[in-house]
Amino acid sequence: MAADELPPAFKRLARVLRFLQQRVHPWDVLATLTPSEYSAIRPSSESISGFQPWQDREIESRLGNKNPAMLKLHAYRADIHARLQQALAAPSLYDEAPAAPLRPIG
């Protein structure tokens, strides 16, 4: 967007939207469970931590959700922590979108 290359930017945004839909979709299934049903299946999902992967945090930051507190969860991995700090410091889509030039589409 910052380079005024809107068609490729829109294509990438469509890809990000599909990714986010895939990340949220499992919650649709879990929402159909009662608390007791969830408690019954929870032991079989031992490897699930309840925390989002660091990649989700990076995407959130690049989209505009700049929350430095989320970096603390990944402080144990210096490489990941540095990458998330970079994403936090970089301009986000939320920052860039208002700066994009307005022009007719089509």
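The values are calculated or read from the model by the stated rules, or taken from the named source; none is laboratory data. The shown structure was predicted, so the numbers you read here are calculated from the model rather than taken from an experiment. Note: ideal-geometry Cβ built from the backbone for every residue, glycine included; neighbour counts use all protein chains shown.
Looking only at segment 33-80, how many residues end up being modelled with pLDDT of 85 or more, surrounded by fewer than 10 Cβ atoms within 10 Å (Cβ to Cβ) and outside any helix (DSSP H, G or I)?
1
Within segment 1-13, how many residues are over 14 Å from Ile59 (Cα atoms) and assigned to a helix (DSSP H, G or I)?
6
List every residue pair whose Cβ atoms sit under 6 Å apart, with the two residues 6 or more apart in sequence or on different chains, where the first one lies in segment 73-94 and is in contact (Cβ under 8 Å) with a residue 40 or more places away in the chain and the second, anywhere, is outside any helix (DSSP H, G or I).
Final answer for the pair search is Leu93/Gly64.
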